[in-house]
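Below are the structure tokens for one structure; questions will follow.
The values are calculated or read from the model by the stated rules, or taken from the named source; none is laboratory data. Since the model is a prediction, treat every value here as computed from it, not as a measurement. No Cβ is skipped: glycine too gets one built from the backbone with ideal geometry, and neighbour counts run over all protein chains shown.
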Amino acid sequence: MRERKQLNLARLVATLLVGTATATNAAPRGLYDLLIRDGTIYDGSGGAPYIGDVAVRHDRIVYVGPHRTMKALKVVDARGLAVSPGFINMLSWSNESLLVDPRGQSELRQGVTLEVMGEGWSMGPYTPAMKKLAVQREGDIKYPITWTTLGQYLNFLEHKGTSLNVASFVGATTVRQHELGERNVDPTAAQLLRMRALVRQAMQEGALVSEVR
């Protein structure tokens, strides 16, 4: 049981180390809001882990480095625990669950701080027929679809609030269904142009882009 508690604390501590600011190993000064002391730091550089401290002021990490004499409003003793940057879920399917539980505890407690969605299928762009079909196919998670484009979904999620950072690709399957439905056919030249326009719009709205060489 003790080991499990240590692992859970390590995961919670890991969520604090998202890239909110460029940390420095210069000795900080003054009183800090949070001090994570004597943890085994994996700083993401690929170097060997080391025992050290992490100091946080407001929502920014201001120090990551060897132990220093520092004062903070709250001190976490991280001896025997790992402290690391937040993890990235590169193939997330929390696109539905975050709509009804924006806390995302199942991911957050594992140290995940960024959800990357949209691999193959994304939450837009939709046609009215796609919206209707998607609602009919909902499983245990029920939600209304009030958006049409991927950008509108991302804005909806942002305004609703979520504990996690979120990014999304625009799904090739979604774009195909937008123009062709679920038929196993090749697009015409005109349909292909419309599909390209949908991808362009999604990218302008913030969809991630895979580099093509």
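Where residues in region 71-87 are β-branched (V, I, T) and touching a Gly at 6+ places or on another chain (Cβ under 9 Å), which of them is farthest from L164 (Cα to Cα)?
Per the stated criteria, the residue is V76.
Is there any pair with a first residue in region 179-205 that is surrounded by 11 or more Cβ atoms within 10 Å (Cβ to Cβ) and a second that is basic (K, R) whose Cβ atoms are under 6 Å apart and which are 6 or more apart or on different chains, and what are they?
Within 6 Å, the pairs are E179/R194.
So, one more: Just for region 127-176: of the residues that are outside any loop (DSSP other than H, G, I, E, B) and charged (D, E, K, R), which one is farthest from L193 (Cα to Cα)?
Among them, the one singled out is K160.
Could you list, in sequence order, all residues of region 77-109 that are among the hydroxyl-bearing types (S, T, Y), under 21 Å from L208 (Cα atoms) and not in a helix (DSSP H, G or I)?
Correct list: S92, S94.
Next question. Quick check on region 67-93: of everything there that is over 11 Å from the mean Cα position of the chain (by Cα) and touching a residue at least 60 places away in the same chain (Cβ under 8 Å), which residue is surrounded by the fewest Cβ atoms within 10 Å (Cβ to Cβ)?
G80
If you take the residues in region 128-173 that are in contact (Cβ under 8 Å) with a residue 60 or more places away in the chain and in contact with a strand residue (DSSP E or B) (Cβ under 6 Å, 6 or more places away or on another chain), which one is surrounded by the fewest Cβ atoms within 10 Å (Cβ to Cβ)?
Going through the qualifying residues, I end up with N165.
Conditions (1) at pLDDT below 95; (2) closer than 18 Å to G44 by Cβ, marked per residue:
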residue: K71; (1), (2): yes, no
residue: G86; (1), (2): yes, yes
residue: L98; (1), (2): no, no
residue: L108; (1), (2): yes, no
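Name every residue in region 63-76 that is assigned to a strand (DSSP E or B) and of a type in the set (A, V, I, L, M, F, W, C), in order of residue number.
Hits for region 63-76 are V64, A72, L73, V75, V76.
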